[in-house]
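J.: Take a look at this one; I'll ask things after.
The values are calculated or read from the model by the stated rules, or taken from the named source; none is laboratory data. Values in this document were obtained by computation on a predicted structure and should not be read as measured data. All Cβ positions, even for glycine, are placed from backbone atoms using ideal geometry, and neighbour counts span all protein chains on display.
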């Protein structure tokens, strides 16, 4: 089993800082979190819930982008 680099518990700002290439995936979902204050404390799970995104698919796409 491949260990995921990005998890649902990670803060948005941490994902974007560590893996800037994921901005493309955030943009695909119309999530322009890079300038959002909530990105500093909100995790991917909360983001997905707030915007009605399938969390598992979103995290899977983010991880595929950083492979």
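J.: Filter the range 50-66 down to residues that are under 15 Å from residue 11 (Cβ atoms) and at pLDDT 95 or above and give me whichever is surrounded by the fewest Cβ atoms within 10 Å (Cβ to Cβ).
T.: The qualifying residue surrounded by the fewest Cβ atoms within 10 Å (Cβ to Cβ) is 55.
J.: Let me ask something additional. Within the range 1-46, can you find the residues that are in contact with a strand residue (DSSP E or B) (Cβ under 9 Å, 6 or more places away or on another chain), modelled with pLDDT under 90 and surrounded by 14 or more Cβ atoms within 10 Å (Cβ to Cβ)?
T.: Answer for the range 1-46, where residues must be in contact with a strand residue (DSSP E or B) (Cβ under 9 Å, 6 or more places away or on another chain), modelled with pLDDT under 90 and surrounded by 14 or more Cβ atoms within 10 Å (Cβ to Cβ): just 39.
J.: I'd like the full set of residues that are within 10 Å of the chain's Cα centre (by Cα) and over 16 Å from residue 67 (Cα atoms), limited to the range 6-28.
T.: Listed by number, the residues that qualify are 8, 9, 10, 11, 12, 13, 14, 26.
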